[in-house]
Structures are given as C-alpha cells and as structure tokens.
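In what follows, a single structure is set out as structure tokens and then discussed.
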Amino acid sequence: MRNIITFFIFSIFSLSSHFTPCAAQDLYDYEHTKAFAEHLLGTRQYSLAISEYERLVFLKPEDKNLQRTLFSTYIRAENSALGLKRAQLMYPLQERIPAEVAPIYAFMLLKNKAFDKAKDFLTNENTLSKEDKFLFLGTSNALNHDWEDALVYYNKVATDQKPIVANYREITELALQQKYKSPALATGLSILIPGAGKVYTRDWKDGLVALLFVGTTAWQAHRGFSRSGTKSVRGWIFASVSTAFYIGNIFGSHKSAKFYNQRLNEHSQREIERIFYTNF
C-alpha cells in the first residue's frame, strides 16, 4: 500500500510540475522514469527500483552507468542471483562486459559462489585495476577455502593502494595457521581403538559413547559364545550389533575430522565475507 501511495503522490507531483495536454503520456519517458527510479532508490525500495532501472536501460542501452546502477540495485535488493542471470543475458560474452559493470559482475559471481567463473573472468578481464583484480582473485580463493593461493594474491596488493587488504591478509594467515585434523589419522585411530578417532577430533562425548558401546556389546557377544559356542543366538546378535557400530564409528570418525576442518574454514570464511561485503 505504501508503494502505491508513493507512486500516486509522485505522479501527481510530476503532473503538477509538467502539466500539458499530453502529460499522462510523458510519465514513462526517460526523465520521469529516472526521477522516480532515483526516488525509489533513495527510499530504499530496491525491488521497485529495479523495474524502473530496467526501463531506463531499455530506453538508453548505450549508458553504461545506468547498467552499473541497475546491477548494484539488484545487490542492494539482496537478489544478486537474479542480477547475475540478468547480466549474463545482457552480456553473453564476458569479454564484452564494460569497465563500469566489471567489478559489480565479479562481486555477483563471488556472492553466488561461482568461483571458477569468477577466476576465468578476472584472469581475462583488462579494465579492472591491478589491485582490484588481485583483491577479487584472493577473495575468490579465500571463499573457496584455498588459503595458500588467497594469500599469494593478497600479497600482490599494495597496502598504500588498498589499506583494507591488511585485514584480508591477517585472516588468511590465521586460517593457514589453524591445526586441521587428518581424516586418515582419525580413521586409523578408530580402527585401533573404537571412539579414538572421535576423541582426536575433539568429539569427546561421541568418542566415549562409541568406546563404551562397542566394548559392552563385544563383551556380551564374548559371554554368549563362551557359554553356548557358535550356536549362541545371544552371541551372534551382540556380535552383529558390535561390528556394525564399530564399522559405523570408523566412517563416522573420518567424517568428524572433515567436519572439524570445515568448521575452522567456515569461521575464517565468514570473516572474509564480512569485510568483503561491507566494504564493496
């Protein structure tokens, strides 16, 4: 309702300022559309502003600054996925993307986790400054948890040109210093001692439960076989349960190590995202 009222008031204002017999036909011309689009943008009605800027781009397809504003509005509307699709329709060939739009296009690629496409675009893009290109490439690698390559690119950015790169470097260096867990070692430990792999990945509770459960069921199976031999139903039931849980714990330890590493990476990734998205 508020949007309808806003449009109505703006329309009345436009009519009173430019009243002619054909004023109603002029509401959708370039000047009126631009004024209304800027009003919507200024009042943070980004979703509505997108439609107006789409009309402006249609009216003046040669204006690259309008295209830049259009795609930045998609980002402000938190709809960078749709903005990326729109950009790819407008520029089927990445090399045709103008300098005004290039950084926003790179941003949308990273926002949508299209890291391979971002790397390809940034590697072949010739309008971005060297510092911007390296900053984007470093961030692309960081968001993909490739910390070593990320640091290589961040180190190529001159701090006097981009002071913010010092923050990127610090987070990346901390990520490289993290003590990651080896999935192979976690698996091996669980083969030797049930639950040891979980303990290694600091999942103490699951590790203790695994040790107690496998140990208890194995002991019950041993008791059953000791009393009735291989014909012991009790022995086979507990042996089957113990074996299944033992094997499951081995695979679980491998997964636990990977999940532990993922948590470490995601913490650093969130810090990179926070800086990148708030300073774009």
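Return the pairs, sorted by first residue and then second, in which the second residue is of a type in the set (Ser, Thr, Tyr), the first residue lies in the range 122-140 and is at pLDDT 90 or above, the beta carbons are less than 6 Å apart, and the residues are 6+ apart or on different chains.
134/153; 137/153; 138/153; 138/154
Search the range 230-267 for residues being assigned to a helix (DSSP H, G or I) and hydroxyl-bearing (Ser, Thr, Tyr), and hand back the single one that is nearest to the chain's Cα centre (by Cα).
Within the range 230-267, the subset assigned to a helix (DSSP H, G or I) is 230-231, 233-267.
From what's left, hydroxyl-bearing (Ser, Thr, Tyr): 230, 240, 242-243, 246, 253, 256, 260.
On the way: 230: 56, 240: 43, 242: 41, 243: 40, 246: 36, 253: 27, 256: 22, 260: 19 Å.
Among those that are assigned to a helix (DSSP H, G or I) and hydroxyl-bearing (Ser, Thr, Tyr), it is 260.
Can you find a residue in the range 138-146 that is of a type in the set (Gly, Ala, Ser) and loosely packed, with under 14 Cβ neighbours inside 10 Å?
no
For the range 152-171, does any single residue satisfy the condition of being in contact (Cβ under 8 Å) with a residue 40 or more places away in the chain, closer than 23 Å to residue 102 by Cα and either out of contact with any Gly (no Cβ under 6 Å at 6 or more places or on another chain) or part of a helix (DSSP H, G or I) (or both)?
Here is the first cut: in the range 152-171, the residues in contact (Cβ under 8 Å) with a residue 40 or more places away in the chain are 164, 167-168, 171.
Add one more test, that the residue is closer than 23 Å to residue 102 by Cα, and what stays is 164, 168.
Applying the additional criterion that residues be either out of contact with any Gly (no Cβ under 6 Å at 6 or more places or on another chain) or part of a helix (DSSP H, G or I) (or both) yields 164, 168.
Yes: one or more hits.
Across the range 34-92, what is the number of residues that are among the acidic types (Asp, Glu) and either at positive phi or within 26 Å of the chain's Cα centre (by Cα) (or both)?
1
State which residue pairs qualify: first residue more than 27 Å from residue 261 (Cβ to Cβ) and inside the range 203-217, second residue crowded, with 20+ Cβ neighbours inside 10 Å and polar (S, T, N, Q) in any location, beta carbons under 7 Å apart, and separation of 6 or more residues or different chains.
Filtered contacts from the range 203-217: 217/242.
Does at least one position in the range 123-137 carry a residue that is polar (S, T, N, Q) and under 25 Å from residue 177 (Cβ atoms)?
no
Listed here are the residues, each with its yes/no results for (1) of a type in the set (Gly, Ala, Ser); (2) closer than 17 Å to residue 110 by Cβ.
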| position | (1), (2) |
| --- | --- |
| 145 | no, yes |
| 161 | no, no |
| 184 | yes, no |
| 210 | yes, no |
| 219 | no, no |
| 226 | yes, no |
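Hey, among 200, 168, which residue is closer than 30 Å to residue 129 by Cβ and surrounded by 15 or more Cβ atoms within 10 Å (Cβ to Cβ)?
Numbers: 200 fails: closer than 30 Å to residue 129 by Cβ.
Result: 168 is the single residue among 200, 168 that is closer than 30 Å to residue 129 by Cβ and surrounded by 15 or more Cβ atoms within 10 Å (Cβ to Cβ).
The values are calculated or read from the model by the stated rules, or taken from the named source; none is laboratory data. Since this is a predicted model, take the numbers as computed values, not measurements. Every residue, glycine among them, receives a Cβ derived from its backbone with ideal geometry; neighbour counts consider all protein chains shown.
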